[in-house]
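K.L.:
Could you have a look at this structure, given as structure tokens, before my questions?
The values are calculated or read from the model by the stated rules, or taken from the named source; none is laboratory data. Remember, it's a predicted structure, so these values are computed and weren't measured experimentally. Methodologically, a virtual Cβ is constructed for each residue, glycine included, from the backbone with ideal geometry; neighbour enumeration extends over all protein chains shown.
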Amino acid sequence: MDAILKFLPNRVRRLYLGGSGIDRMRGETNPADGYYPEDWIASCIEGNTREFQAPGHGLSKVRIDGEEVRFLDLLEKYPADLLGEAHFARYGANPAVLTKFLDSAIRLPVQVHPTVPDAKRYFHADFGKTEAWIILACRPGAYVYCGFNETLDEAVFRRESLAGVYERGLGMMHKIPVKPGEVVIVWGGLPHAIGPGITMVEVMEPSDLTINPEARCGEREIAPEKRFGGLAPETALNLFEYKPRSEAEIRALSLPRPEPVAPGWNRLIDREKVRFFEAQELRVDGERTVEFPEECFHIALCVEGRVSLDGVPLSAGESAFLPFVRRRCTLSGNGRLVLILPPSPAK
């Protein structure tokens, strides 16, 4: 199994409004916001919520010989070819990374995700949810919240979190302006929120573990059990890292600068530093053959234009899986790819 696998569209229902940015990226005639603001890529986990349940919802699929096949089933059938033996020995038939196209029409609720130790302690899970946002498009004045600033008052933040309404809590976090091309790493434990009008590639540990204390998401109420991830509220609030930082410290921690790999090829996130995943940006103008220096599979997302990968065409908003055994690839067309790499099995 060395074929490049092109993923089928996989829109996932969420509580918040968005998605028109994904429609625009894909060139759809009537882009519209709704409750399917995310498209999950290389997903082996379900995206079901308490508000919406459907068998297999969120699991990625590909088409082989005219038949739709679950990506998870292929990984279980061809783990060495697709993932590599070392990765399979460490993580099983699991990419150990989840990638999404995400588009927000509103500010998302304040959230925190568990670190790996907290995921094990509170959820009996192997993966936490450190994540990163690769900004593709946004309206002027776009922003995100990330990390506590020097005004943090833990007692007040906890009290407002339990009440579900932040009167002072938002002001205790860094509100950071963002623009296309920037990257924000959200480590487990950091409070954060995505602002309105942002289209991004989101990459994360493969879990859906979230604490969002706010009682509303836009105009919709959030059930208490959903707000605190099934934990007792006071316990859930222990997942926040109550550490104030200056904006310079947050930028050094969470806003990496790109590093050149080759002409037109940059490393956006280094898995040797972040541990959980890597992201690269690769521009194509004409034809070029690339040799992958890392011994791992690659997830390719076309975020601009049209690019063919060894004859497999991708337009903006489409994605594909390049198996472990595929060490090189000929690219042609005019566009831009984001490549996602898994954690190193040695880490």
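K.L.:
Scanning for something out of contact with any Cys (no Cβ under 8 Å at 6 or more places or on another chain), surrounded by 17 or more Cβ atoms within 10 Å (Cβ to Cβ) and either assigned to a strand (DSSP E or B) or of a type in the set (Phe, Trp, Tyr) (or both), does region 284-296 turn up at least one residue?
P.N.:
There is at least one residue in region 284-296 that is out of contact with any Cys (no Cβ under 8 Å at 6 or more places or on another chain), surrounded by 17 or more Cβ atoms within 10 Å (Cβ to Cβ) and either assigned to a strand (DSSP E or B) or of a type in the set (Phe, Trp, Tyr) (or both).
K.L.:
Given 324, 276, which one is closer than 20 Å to residue 40 by Cβ, in contact (Cβ under 8 Å) with a residue 24 or more places away in the chain and in a loop (DSSP other than H, G, I, E, B)?
P.N.:
276 is the lone residue from the list that is closer than 20 Å to residue 40 by Cβ, in contact (Cβ under 8 Å) with a residue 24 or more places away in the chain and in a loop (DSSP other than H, G, I, E, B).
K.L.:
Okay, next question. Being surrounded by 20 or more Cβ atoms within 10 Å (Cβ to Cβ) and either among the β-branched types (Val, Ile, Thr) or outside any strand (DSSP E or B) (or both) is the filter here; which residues of region 297-315 pass it?
P.N.:
Correct list: 297, 299, 303, 307.
K.L.:
Which condition number does residue 106 fail, the rest of (1) in a loop (DSSP other than H, G, I, E, B); (2) surrounded by 20 or more Cβ atoms within 10 Å (Cβ to Cβ) being met?
P.N.:
Every listed condition holds for residue 106 apart from (2).
K.L.:
Could you check, for region 116-138, whether at least one of its residues is touching a Ser or Thr at 6+ places or on another chain (Cβ under 8 Å), of a type in the set (Ser, Thr, Tyr), buried (at least 20 other Cβ atoms within 10 Å of the Cβ) and part of a loop (DSSP other than H, G, I, E, B)?
P.N.:
yes
K.L.:
For the subset of region 327-347 comprising residues that are part of a loop (DSSP other than H, G, I, E, B) and touching a helix residue (DSSP H, G or I) at 6+ places or on another chain (Cβ under 9 Å), which member is modelled with the lowest pLDDT?
P.N.:
That would be 347.
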